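Every number here is computed from the coordinates shown, using simple stated rules; none is lab data. Owing to the predicted nature of the structure, the values given are computational and were not obtained by experimental measurement. Please note: Cβ atoms are built from the backbone with ideal geometry, for glycine as well, and neighbour counts cover all protein chains shown.
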Amino acid sequence: MWATNLKILGVTLGTIALYTLVANVIPQIESEVPEELSFTGEVTAAELVAAGEELYAGAGGCTACHGLGERAPNLLTGEGDQGPIGTRCGSRVEGEDCKAYLHRSMVEPGAFVLAGYQPIMPDMSRTLSANQIWAVVAYLESQGGQVDVTAADLEAETATEEAPAGGSGVAEVATTDPQELLNQMQCLACHRLGSQGQEVGPPFDGIGGRRDAAYIRGSILDPAAQVAPGYEQFAGIMPTNFGERLSAAQLEAVVDFLAGQR
Amino acid sequence: MGHDGGRPAALRPVIESRRVRWATATALGAGLALLVAVLPAWAQEAAGGAAAGAREYGQFPGIGSRAAIWIAAEVHLMFAAFVLGVPMFAMVAEAIGIFGGDERYDRLAKEFTRLLLIAYSATAIWGAVLLFFLTTLYPRFWSHMASIFEVSMWIYVGLFFLESFTLYLYYYGWERMQEGGAKYAHWGLAILLNVWGTAVMFIADSWLSYMMSPPATVTTDTASGMVQLWSVINNATWMPINIHRVIANVVFGGAVVAAYAAYRFLAAKSDEERAHYDWMGYVGNLIAIGALIVLPFAGYYLGREIYEYNEQMGITMMGGFMSWLWIIQAFLIGVLFLAGNYYLWVGMQRIPGAERFLPYTKWMLLVLIIGVIVWATPHTMIADRAELEAMGGSHHPFLGVLGVMSAKNTAVNLMILTTFLSFLLYRRANKRPVVSWARAATLVQSALFVIAAAIVLFYGVYGYFVTAIVRIGFSVYQVLAVLFTIVGVTAIDVFMLRGAESRGAVRWGKMPERSQYALFVLVVTFTWLMGLMGFARSGIRQHWHVWEVMRDTSPWAATPALGYAATMISACVLIFLGLISFIFWLGGLVEKPQLVPKRG
C-alpha cells in the first residue's frame, strides 16, 4: 500500500507543481497601487512625463483598453491613418487644445466618444488624484506632441481640491438656468435634447410625457435606483454626485425643465 | 483501515457508534466553541469602530497579513464548498435510494454524511481562524463590514446552529428513520440541511459580493447607519455568485467523493470492496462532470453582471492585468475535460457492449485537444509599448485575431457537446432499447448533435465578420443550442431506454488502476481552479477593500502577479487536501461502511 500511497502523492504533488510552474513562466503583471504624486513648483516636463508613463502602463490601467485597437482608440501607436495621440489631440475637438482635450477626456469621458467605440471609459478622477491625471496628460502629449502641462495646472487643481467641495452646500456653478445647467453638468454628453447631445442614456425629448417630476428627481440623485429599459448596459456611467454639485434650487430648476419636455 | 482488532462482532456496532458520537461531538463542539469564543471580540470590534480607527492594520509574523488572510479565507472556502456540496450529493443519493429502490445509494449517502460531520467542524475552525485574522489584521475593514452587515451576521450564526443540529439529527437518525414514512421524514431532513446550508452561503456571499460591487448609494462618505441592509445584500453580483457557487459546490463535492472512492478502490482488500468503490467513483465523477458542463453558463452570467456593474472592472478582469489568468484557466479546464473523458473511456472497458463505441473515442479526443488549444490561445493580452512594437500591432503577427471570444466560445461549446456524447455512449453501452421507435429516436438524437455543432460553428465563424458587441451576443445562441441538445437528447434517451435489454452487467471493480489516478487529477485540478477563480474575483477589486468605497492602504494593497498567486493557491490546496485526507482516514477508523451487494 505504501507504493500506492507514494504514487497518489506523486500524482497530486506533480499536478500542483505543474500548475504552479505554468503560472510562474507566463508574463508576470502586478496591479500596482497608484503612487501619490507630489510636485513642487519646479517640476519639469520630463518628470511629469516619466510619472505619467508609469501610471499609464501600470496602476492607471490604461493599457487594458488603449493599444488593443478594439475597445478604445490606440494612443501610443497610430489610430487608423493618424499618428499617436500627441499629434492628433489638438485637432480632435474645435476650441479645445490638446491639454484641455486630454484632461477632459479623462475626467468627463462621456464628453468625447470616438465614433465606432462604446462609452466605456471610466471617470479617472475616481481612481487617480489630480496630479496623477495631469501626469498622464503630460505623458500622452509627449507621444508626438508638445508637453505644455505646467506646475500652474497642478497648483490650480490642488487649490480646487482644497476649496470647500461637495457636501458643503456650495454649488459648483451659480446659475439656475436649466439649459445652462444641462450644459455645465455635461448632461448632453449622454442624453439627447433636440439636435444636441448623444443617446447613451434615455433622450430628454418628451421625457415629461414618460416620467413625472419625482421620477426625474430620483434619477438625477440616485441614477442606479431605476435604470430605464433598453439602457441597462450603460448603468453605472451616470455620475452619482449631482446631489452634491447642484443646489436645491438648481436641482428643482432642472427637474421642472425636464418634466416640461413633452 | 477500518479494522476493529479482535473485539466480538456483536459489540462492534455499539463501540463504533459511541466512537462516532464522541469523535464528531468533540470535533463539532470544538468548532462551535471556537466560533462562539470569537463573537465577543467580533462584537467589540463592531461596536468600537471609531476606536479601531487608530489601528488600521495588524502585522502577521513571517508571511505577512495578506498571505495569512488569504490562506485562512481560501481553506475555509474549500471546506465550506465541501460541506455544502456533499449534502446536496447525499440528498440526491438518498432520493435515488428511496424512489429508485437501489439501497446502495442510501449507504453511499450515509457514508458521506459521516465524513461530513468531521469536515463540518474543520470548516467551523477555519471560519473562526478567518474571523480572528480579520479582527486582528484588518480591524478598520472589518469594523466597516460589521457595522453594515451586523444583522445578517447574527442571522448567519443562528442558521449555523440550525444547520449543525439538523446534521446531527440527519446522521444519527439514519438507522432509526429507515422504514415507511420515517424514511421520507429523514429525506426531508436532508432537504432542510441543504436549505440551511444554502442560506448560510447566500449570506456570506452577500458580504464578499458587496466588497466587489457595492451599490451606488454607498460611497466613501456614507455613514453606516444610512446604509439599507437589503441594498447591500442584493448587490449587482450577489445572485450570479450564489448561482455559480451552488453549481460549483456540487462539482467540488462530486470530485472529492470520486477521489475518496479512488483511494478506497486502490486500497481495497476484496473484490466486493473494489466493486463498491469503483461504483462510488463513477457516481462522484458523473456528478462532478455533469455539473461542470453547466458551470460555464453560470460563469458567463456572473461575467456579464460584472461588466454591467462596472465596465472598467470587467475589462480589468478579462483584458487588464488579469488577462493571462484566463489562459491558465483554459489550461486547467482542458485538463478537467480530458481527465473526465479519459475516466469514462477507460470505464467503458468494463461494460459489455461498449466495444462498439470505442473507435469513436480517438475522434472525441481530437476534438477535445483542438478545443483546449483554441481556448488557450492568448488574445488582447495587456502589452507595453515595446511589446506592441515587437508584435507590429495589437495582435500576434501569426495568430492575429484567432483567439477572440468567437473561437473560444466555439471551442468550449464543442468540448461540452463532446463530453456529453461520452456520457451518452457510456450510459447506453450495455443497453439495447426495445421500443419500436428506437432507430428513429437515435437518428433524431444524432441530428440534434449535428445541428447544435453546426450552429456553434456558424456563429463562431460569423463572429469574425461583425463588431465585438454583436459578437458577444452570439455566445447566447451557441449556449442555447448546446443546452437544448443536452436536454432534448437526455429526454429522448430516458424514454427510449425504459425496459431496455441488458447486454451484460457492468463489471464493477474490473477497472484498470490508472483510471483512478485520473480522479485524483480531477480533484486536485478542481481545488486549484477554485483557488484561481477566488483570486480572480477578489483581485479585480485591486487596491480596494470595498470597490471605490474603502481603499486598501496596507503595505499589501497591490494585487500580486499570477506567479505569487499560484504559489499561494498551491499552498492552500496542499493544506486542504492534507486535512481532508486526514478526515477521510479518521472516518475509516471509526466505522467501516456497510457494503450492499452490487447490481448490474
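One table, with the values for the structure above:
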{"read-out": "Added length on full extension, which subtracts the Cα-Cα distance from 0.36 nm per residue, B:Val476 to B:Arg432", "value": "12.2 nm"}
{"read-out": "Mean Cα-pair separation over length for region B:84-190, i.e. relative contact order, pairs under 8 Å, 6 or more apart, %", "value": "27 percent"}
{"read-out": "Peptide B:558-567, shielding by other chains (average Cβ, 10 Å cutoff)", "value": "6"}
{"read-out": "Cβ-Cβ FRET estimate between B:Val444 and B:Glu513, R0 fixed at 30 Å, reported to 0.05", "value": "0.15"}
{"read-out": "Amide H partners (placed H, <5 Å) of A:Ala72, local residues excluded", "value": "A:Gly67"}
{"read-out": "Above-threshold pairs, the threshold being 28 Å between Cα atoms, out of B:Lys269/B:Lys431; B:Lys110/B:Lys510; B:Lys362/B:Lys431", "value": "B:Lys269/B:Lys431"}
{"read-out": "Inter-probe distance in nm under a simple model that places probes 7 Å from Cα toward Cβ, at B:Glu103 and B:Glu150", "value": "5.6 nm"}
{"read-out": "For residues of A:7-18, the mean tally of beta carbons on other chains within 10 Å", "value": "6"}
{"read-out": "Exposure proxy order (Cβ contacts within 10 Å, fewest to most) of A:Asp212, A:Asp81, B:Asp493", "value": "A:Asp81, A:Asp212, B:Asp493"}
{"read-out": "q = 0.24 Å⁻¹: log10 I(q)/I(0) that the Debye formula gives for region A:3-91, counting C-alpha atoms only", "value": "-1.18"}
{"read-out": "Stokes-Einstein D in µm²/s, Kirkwood radius over Cα pairs - the protein assembly as shown at 4 °C with 1.567 mPa s viscosity", "value": "43 µm²/s"}
{"read-out": "Highest to lowest packing among B:201-212, B:501-512, scored as the average C-beta count within 10 Å", "value": "B:201-212, B:501-512"}
{"read-out": "Under-5 Å amide H pairs with B:Arg551, H placed in peptide plane, nonlocal only", "value": "B:His545"}
{"read-out": "Centre separation in Å (Cα based) which lies between region A:1-80 and region B:265-281", "value": "48 Å"}
{"read-out": "Sorted peptide list for B:542-553, A:83-94, criterion being average Cβ within 10 angstrom, highest first", "value": "B:542-553, A:83-94"}
{"read-out": "Backbone N under 19 Å from the B:Arg498 label point (7 Å along Cα→Cβ), restricted to region B:421-463", "value": "B:428, B:431-445"}
{"read-out": "Positive-pole candidate from B:Phe331, B:Ser406, B:Ala182, dipole of the protein assembly as shown, charges at beta carbon", "value": "B:Ala182"}
{"read-out": "By average C-beta atoms within 10 angstrom, highest first, the peptides B:358-369, A:131-142", "value": "A:131-142, B:358-369"}
{"read-out": "Region B:58-77-region B:164-234 distance, computed between alpha-carbon centres (Å)", "value": "25 Å"}
{"read-out": "For residues of B:307-313, the mean tally of beta carbons on other chains within 10 Å", "value": "6"}
{"read-out": "Percent of C-alpha pairs per 5 Å bin, chain A, short to long", "value": "1, 5, 10, 14, 14, 13, 12, 9, 7, 4, 3, 3, 2, 2, 1, 1, 0, 0"}
{"read-out": "In nm, spacing of pseudo-spin labels at A:Asp177 and B:Ala505 (7 Å Cα→C-beta vector)", "value": "9.3 nm"}
{"read-out": "Value in Å of the Kirkwood radius, where region B:104-209 supplies the Cα pairs that are averaged", "value": "15.5 Å"}
{"read-out": "Using θ = phi - 60° and Karplus 6.51 cos²θ - 1.76 cosθ + 1.60, couplings along region B:123-135 (whole Hz; Gly, Pro as x)", "value": "4, 5, 4, 5, x, 5, 4, 4, 5, 4, 5, 5, 6"}
{"read-out": "Calculated FRET value between A:Glu36 and A:Thr240, using beta carbons and R₀ = 35 Å, to 0.05", "value": "0.90"}
{"read-out": "Unit charges on C-beta of K, R, D, E only; dipole of the protein assembly as shown, Debye", "value": "5740 debye"}
{"read-out": "Förster radius 30 Å - calculated FRET efficiency between B:Gln228 and A:Phe112 (Cβ-Cβ, nearest 0.05)", "value": "0.25"}
